[in-house]
Every structure is written in structure tokens, then in C-alpha cells.
1. Look through ALA55, ALA37 and report the one residue that is over 26 Å from GLN98 (Cα atoms) and either modelled with pLDDT of 90 or more or within 33 Å of the chain's Cα centre (by Cα) (or both).
2. Condition first: at pLDDT below 65 and not small (Gly, Ala, Ser). Now tell me which residues in the range 1-21 satisfy that.
3. Out of all the residues in the range 169-189, which are under 24 Å from GLN60 (Cα atoms) and either touching a residue at least 40 places away in the same chain (Cβ under 8 Å) or of a type in the set (Ser, Thr, Tyr) (or both)?
4. Mind listing just one residue for me: the one in the range 130-153 that is surrounded by 12 or more Cβ atoms within 10 Å (Cβ to Cβ) and part of a loop (DSSP other than H, G, I, E, B) and, of those, modelled with the highest pLDDT?
5. Just name the residue that is farthest from ALA137 (Cα to Cα) out of those in the range 164-183 that are polar (S, T, N, Q) and within 14 Å of the chain's Cα centre (by Cα).
6. Go through the residues of the range 154-169 one by one and say whether even a single one is aromatic (Phe, Trp, Tyr), in contact with a helix residue (DSSP H, G or I) (Cβ under 9 Å, 6 or more places away or on another chain), surrounded by 11 or more Cβ atoms within 10 Å (Cβ to Cβ) and modelled with pLDDT of 85 or more.
7. Could you please find all residues in the range 145-168 being without any contact (Cβ under 8 Å) to a residue 12 or more places away in the chain, closer than 15 Å to VAL181 by Cβ and of a type outside the set (Val, Ile, Thr)?
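The values are calculated or read from the model by the stated rules, or taken from the named source; none is laboratory data. None of these values were measured; they are calculated from a predicted model. Here the Cβ positions follow ideal geometry from the backbone for every residue, glycine too, while neighbour counts run over all protein chains shown.
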Amino acid sequence: MGQPVNSFQRLRQVPGLSRVLDWGTGPAAASDETLRAGARVAGLKATESVCPYCAVGCGQVVYTRDGELVDIEGNPRSPINQGTLCPKGAASRQLVQQPGRLTKVRYRRPGGTEWEELELDQAMDMIAERVIAAREAGWQERDHNGHRVDRTLGFAHLGGATLDNEENYLIKKLFTAMGAVQIENQARI
């Protein structure tokens, strides 16, 4: 038993009409130059991601070649944005490749009046030391009723709208493991 024939396929069987139905479509619609050029993203690795801006969660397709970012565009398979991006999302490639992007940390010491540049590794070590010190300084083993709580009130976390679900999940796990109890996200406020 053959495939069912729809009404468009029946129209294509009418002599002469099939050529008219092909006008502007099919192989004849592309110029030789277009066919030689090929797809703009041919040979690139495509990775689905989420736009880093607002909390809407638009899908993006990130194209890379040998680990280097080549292009970012809206993901047509995303039920949220269906391939479209706002101007900020469409320009998100600049977050990584903007020539004026800062690559060092600007730091002003307590009581200082001047900014100094620090390497990222040094700044991350300073942050880790301060988190550990705040955790220890605010650690509570028992609450005022004597119940064991094993927590710290030395720091909290308020997530921003630019964090995606995976980042929020990891942040929640990290801060909970460190004993923090004040963990919130902008999307829930």
C-alpha cells in the first residue's frame, strides 16, 4: 500500500501546473554563488545554551570552531523565544569577544583612595579567604533553644536574573554546603 496523496501532491500531477508550483522554490531558487557558498555555520560545533541576560530564559545556539566562539543566535527549538532574541541577547557574543572587555580585577583596599589592578586568580583567592573567615565568624552550632543547627549567618546569597537554572542549582548547593541559610533569588522575590 502506497503513501496517501495530499491535495498539493495531486496539484503537482496536473501537466504544466507542476512547473508553476516550483517557481521561486526548490533547487532553481538558489543561485550558483549561493550554492557554492554553503551554510554559514557548516562545520561548526553547535551547543544549546541560555541567554545570560534577563530571567526569561531564551534559548541560544552557540557556534564554536576549535573551542573559539564564532557566532551566537536564537534557538528555534526553544519554546520560550522560538529562535528570536532581543537586542541584548543578540549581542551577547560581545560578552566574550568585546576588545574593551576588562580582564583584570579593579580593587580598592580598605581605607585606600586609589584603585589597583589585580590578577583574577589573586582576587578569587581573596574572595575565598573572606568567605571562609565570614563563615567561621558567623558560625552557630546551636540556636538560642539549644537545638543543633550547624549554620552560618555570616553571609547570604541573592541571585540575579541573569543566572540560569543550572547556575542557581549549583549556587544553592554550594551555599547550603557552606552552612548558609539566607539564600534567595531575584526571580522569587
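1. Selected residue: ALA37, the only one of ALA55, ALA37 that is over 26 Å from GLN98 (Cα atoms) and either modelled with pLDDT of 90 or more or within 33 Å of the chain's Cα centre (by Cα) (or both).
2. Answer for the range 1-21, where residues must be at pLDDT below 65 and not small (Gly, Ala, Ser): MET1, GLN3, PRO4, VAL5.
3. TYR169, GLN186, ALA187
4. The qualifying residue modelled with the highest pLDDT is GLY138.
5. This residue is ASN165.
6. yes
7. The answer is HIS147, ARG148.
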